[in-house]
Amino acid sequence: MAIWIAVGFGPFSEAAAGGDLSREAALRRPIAMAEVGGHLYVANQRTGSVSVVDLSKRKVVAEHAVAAHLAGLAATPTGDLLAVDDVRHELIHLRPEKGALWVVQRLAVSHTPVGVVVSADGSFAAVASLWSRRVTLIDLPRVKSGQREMRVRRVIDLPFAPRKMLIVRDDARLILADAFAGRIGVVDTKGGELVAVRSVDGHNIRGLALSRDGRSIHLTHSMLDQDSPTTRKMVFYGFVNSSVVRTVALDHLFESESSEPNPSEPGRASEPGRVGPDTSKRPQTIPIAHWQLHALGETNNGAGDPGDIVMPAHNDHAAVVALSGVNEVAFWPSASKPFERLKVGKRPTALTVSRDGRTVYVASTFDDSVTLLDTQRRTVGQTIALGPHAPRGLTDRGEELFYSARMSLHGWASCHSCHPDGHTTGRLNDNLGDSTFGTPKRILSLMGVADTEPWAWDGSQDTLSHQVRKSLSVTMQGAEPKTDTVENAEAIDSFLRSLPPAPSLRRARGTLDRDAAERGRTIFRDRGCTQCHSIFNGTTNGRFDVGLSDESGWSRFNPPSLRGVSQRDAFFHDNRAKSLREVLRKYAHPYGDVVKREEIDDLVHFLESL
């Protein structure tokens with residue numbers, strides 16, 4: 001039976017009703033919103049609180065602490081709220097009532113939940129979990145059936161880290177987008193199976209919306225040309241990084257549904273204690289062949305890091321898109337007309353449409369505010385501050401710079417564009433990182449980067465701030481106005497040093513076999529792998545020739561760290577290996593020594609535990 005607990009003043013206290021934090025100075029970082037009963041509820045990422053905006057008064061009337069850290073929020077058809085805590089790994093059922101916010105239930109879900117969506121009929125919700133690469137289907141309370149609590153129906157393993165989701169086709173299909181690269185998964189919500197995996201030429205999918213006729217989906221994402229060098233001319237015209245809305249017909253998206261094994265990926269037996277279908281029948285990844293592309297940026301006016309997209313009803317506008325990297329939103333009247341751009345607060349990320357379709361609410365994450373847009377007049381209205389601002393430290397300023405596309409020439413890209421949330425798109429970039437053009441290299445993850453000196457593939461950067469400054473100057477061509485300053489580099493350096501390593505996939509899923517990992521560790525040491533990849537930080541400060549050359553003949557590389565290596569999908573400087581098993585068997589890394597077949601499983605298990 002559900003227990004109602006009133007939310008109190010402290011960040012984790014649930015002792016008293018009506019606790020109001022709205023007058024406390026803080027960096028809230030709003031990340032998601034939902035409208036219920038004349039109020040807008042805003043999930044604040046950093047404070048783990050929910051701000052309550054009275055839409056008739058257009059002001060914040062309360063703020064309630066509900067979690068350690070919030071990453072998503074959604075409303076149910078009954079007027080309740082569902083929030084996800086990506087630190088405590090929980091789905092939280094909240095009930096608004098008379099100005100208070102009651103916690104009805106907390107439910108443990110897979111590691112790092114970052115999003116939640118609710119079916120149109122209110123019977124179930126889906127929770128996307130980033131580092132565990134899973135989606136959890138949750139049966140919601142139903143009065144008629146007598147079910148009073150949320151229950152886990154199915155946990156489904158995915159071949160990518162999900163974030164954005166969309167439920168379509170009368171709640172029968174769930175679409176999930178890759179948080180880093182360009183893959184899209186389709187889940188049969190009734191059978192609880194992953195039935196299709198598609199891919200697009202792009203990355204950083206941060207917006208998903210159903211077209212007004214219900215026949216297509218719109219995706220917002222970035223595109224990186226892996227072969228375009230980051231010269232001033234190529235960056236100036238948006239040839240290296242660009243931003244688009246991509247439209248894909250649902251019929252085409254779903255036509256490849258199958259449960260056949262993917263021949264390009266090794267089969268994996270179902271894990272102990274796992275709920276859901278056997279991942280050895282993972283669908284093959286098939287590129288999407290038919291689409292429409294709609295460019296968001298233009299010469300001298302890039303649109304770095306497109307974010308959320310919504311489709312206001314009852315008006316003539318096809319869509320509203322958040323241009324997160326340049327602090328703007330774009331109105332899109334129709335496919336045949338250009339986007340109309342408006343300035344809003346710093347880093348607009350989440351969009352929500354009012355019930356009458358006349359207003360779009362914009363959550364500006366770095367301004368701690370919500371802006372109201374008039375969809376009929378296409379104008380910016382009132383901006384509502386969520387509370388007093390706390391002073392920003394060096395790391396906070398570095399975070400804002402990391403996500404700002406204004407750091408690049410004409411706003412085409414930010415650091416986040418190639419390193420989503422500090423991780424990696426997994427693609428190649430020809431950026432003079434090794435002092436040559438024509439030699440594109442894999443974009444490295446920045447998670448845990450503080451402990452992995454020296455930096456760059458050739459190990460040429462002795463300090464992280466020097467590497468950052470070179471990226472601002474050369475990769476992003478941020479010289480007009482000048483952004484490659486010592487002060488900016490030091491701030492971004494401070495932010496990067498705050499990023500922990502990505503957790504291992506096995507630890508995130510709870511499938512670690514400690515005996516197998518220990519056997520693999522022994523093999524790793526006995527084979528001399530620690531000469532290049534120390535146990536401490538997964539790398540060393542030397543440069544080694546392991547028989548791999550780039551286009552210029554360069555073969556001496558600084559070893560990338562192996563921490564979080566299971567969260568990567570391709571390996572070596574040019575992505576030639578598509579799995580850890582290929583690294584060891586097909587390419588006999590290092591030095592051509594083939595690992596014995598009976599040792600492969602344990603060695604891979606150890607690497608997947610890092």
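Being of a type in the set (Phe, Trp, Tyr) and either within 29 Å of residue 535 (Cβ to Cβ) or crowded, with 19+ Cβ neighbours inside 10 Å (or both) is true for just one of 437, 402. Which residue is that? Show your work before the answer.
Details: 437 fails: either within 29 Å of residue 535 (Cβ to Cβ) or crowded, with 19+ Cβ neighbours inside 10 Å (or both).
Exactly one of 437, 402 is of a type in the set (Phe, Trp, Tyr) and either within 29 Å of residue 535 (Cβ to Cβ) or crowded, with 19+ Cβ neighbours inside 10 Å (or both), namely 402.
Has the stretch 562-582 got any residue that is in a helix (DSSP H, G or I) and free of Cβ contacts under 8 Å to residues at least 40 places away in the same chain? Please lay out each step first, then the result.
We begin by selecting, within the stretch 562-582, every residue in a helix (DSSP H, G or I); these are 565-567, 580-582.
Checking the rest, the ones that are also free of Cβ contacts under 8 Å to residues at least 40 places away in the same chain come to 580, 582.
Within the stretch 562-582, one or more residues are in a helix (DSSP H, G or I) and free of Cβ contacts under 8 Å to residues at least 40 places away in the same chain.
Restricting to the stretch 305-314, and then to whatever is touching a Gly at 6+ places or on another chain (Cβ under 6 Å) and modelled with pLDDT under 95, can you tell me which residue is farthest from residue 30 (Cα to Cα)?
Filtering the stretch 305-314 for residues that are touching a Gly at 6+ places or on another chain (Cβ under 6 Å) and modelled with pLDDT under 95, the one farthest from residue 30 (Cα to Cα) comes out as 314.
State all residues of the stretch 210-254 that are touching a helix residue (DSSP H, G or I) at 6+ places or on another chain (Cβ under 7 Å), surrounded by fewer than 22 Cβ atoms within 10 Å (Cβ to Cβ), polar (S, T, N, Q) and part of a loop (DSSP other than H, G, I, E, B); if no residue qualifies, say none.
228
Could you give me the residue pairs with C-beta distances under 7 Å whose first residue belongs to the stretch 370-381 and is closer than 15 Å to residue 328 by Cβ and not assigned by TED's automatic domain parsing to the domain that holds residue 43, whose second residue is outside any strand (DSSP E or B) and not basic (Lys, Arg) wherever it lies, and which are 6+ apart or on separate chains?
371/344; 371/345; 380/344
Within the stretch 491-511, track down each residue that is farther than 22 Å from residue 412 by Cα and crowded, with 17+ Cβ neighbours inside 10 Å. First the steps, then the outcome.
Just the residues of the stretch 491-511 that are farther than 22 Å from residue 412 by Cα, to begin with: 494, 497-511.
Result: 494, 499, 501, 502, 503, 504, 505, 506, 507, 508, 509, 511.
State whether one or more residues within the stretch 515-526 are under 30 Å from residue 440 (Cα atoms) and out of contact with any strand residue (DSSP E or B) (no Cβ under 9 Å at 6 or more places or on another chain).
Step one: list which residues in the stretch 515-526 are under 30 Å from residue 440 (Cα atoms), which gives 524.
So of that shortlist, the ones also out of contact with any strand residue (DSSP E or B) (no Cβ under 9 Å at 6 or more places or on another chain) come out as 524.
For the stretch 515-526, residues under 30 Å from residue 440 (Cα atoms) and out of contact with any strand residue (DSSP E or B) (no Cβ under 9 Å at 6 or more places or on another chain): present.
From 336, 354, 369, grab the single residue that is under 24 Å from the mean Cα position of the chain (by Cα) and either crowded, with 21+ Cβ neighbours inside 10 Å or on the phi < 0 side of the Ramachandran plot (or both).
369 is the lone residue from the list that is under 24 Å from the mean Cα position of the chain (by Cα) and either crowded, with 21+ Cβ neighbours inside 10 Å or on the phi < 0 side of the Ramachandran plot (or both).
So the check is Cβ under 9 Å with 6+ separation or different chains; which pairs have a first residue in the stretch 434-454 that's aromatic (Phe, Trp, Tyr) and a second one that's part of a strand (DSSP E or B)?
437/229; 437/430
Return yes or no: is residue 561 modelled with pLDDT of 90 or more, surrounded by 21 or more Cβ atoms within 10 Å (Cβ to Cβ), within 19 Å of residue 584 (Cα to Cα) and polar (S, T, N, Q)? I'd like the intermediate steps shown before the answer.
Values: modelled with pLDDT of 90 or more: yes; surrounded by 21 or more Cβ atoms within 10 Å (Cβ to Cβ): yes; within 19 Å of residue 584 (Cα to Cα): yes; polar (S, T, N, Q): yes.
Taking the combined requirement at face value, the residue satisfies it.
What are the residues in the stretch 477-512 that are out of contact with any helix residue (DSSP H, G or I) (no Cβ under 6 Å at 6 or more places or on another chain), in a loop (DSSP other than H, G, I, E, B), at negative phi and not hydroxyl-bearing (Ser, Thr, Tyr), if any? Give the derivation first.
So in the stretch 477-512, the residues out of contact with any helix residue (DSSP H, G or I) (no Cβ under 6 Å at 6 or more places or on another chain) come out as 479-482, 485-487, 500-501, 503, 506-511.
In the following step, the residues that additionally are in a loop (DSSP other than H, G, I, E, B) were identified as 480-481, 485, 500-501, 503, 510-511.
With at negative phi added as a condition, the list becomes 480-481, 485, 500-501, 503, 511.
Result: 480, 481, 500, 501, 503.
Can you tell me which residue among 394, 428 is surrounded by fewer than 22 Cβ atoms within 10 Å (Cβ to Cβ), within 21 Å of residue 548 (Cα to Cα) and either among the hydrophobic types (A, V, I, L, M, F, W, C) or in contact (Cβ under 8 Å) with a residue 60 or more places away in the chain (or both)? Steps first, please.
Working: 394 fails: within 21 Å of residue 548 (Cα to Cα).
Testing whether each residue is surrounded by fewer than 22 Cβ atoms within 10 Å (Cβ to Cβ), within 21 Å of residue 548 (Cα to Cα) and either among the hydrophobic types (A, V, I, L, M, F, W, C) or in contact (Cβ under 8 Å) with a residue 60 or more places away in the chain (or both) leaves just 428.
Given the conditions (1) buried (at least 23 other Cβ atoms within 10 Å of the Cβ); (2) acidic (Asp, Glu); (3) within 17 Å of residue 292 (Cα to Cα), report the number of the one that residue 178 does not fulfil.
Failing condition for residue 178: (3).
Determine if the stretch 218-238 includes at least one residue that is under 18 Å from residue 284 (Cβ atoms) and charged (D, E, K, R).
In the first step, residues of the stretch 218-238 are kept if they are under 18 Å from residue 284 (Cβ atoms); the result is none.
No - not one qualifying residue is present in the stretch 218-238.
The values are calculated or read from the model by the stated rules, or taken from the named source; none is laboratory data. Here the structure is a predicted model, which means the values were calculated and not measured. Methodologically, a virtual Cβ is constructed for each residue, glycine included, from the backbone with ideal geometry; neighbour enumeration extends over all protein chains shown.
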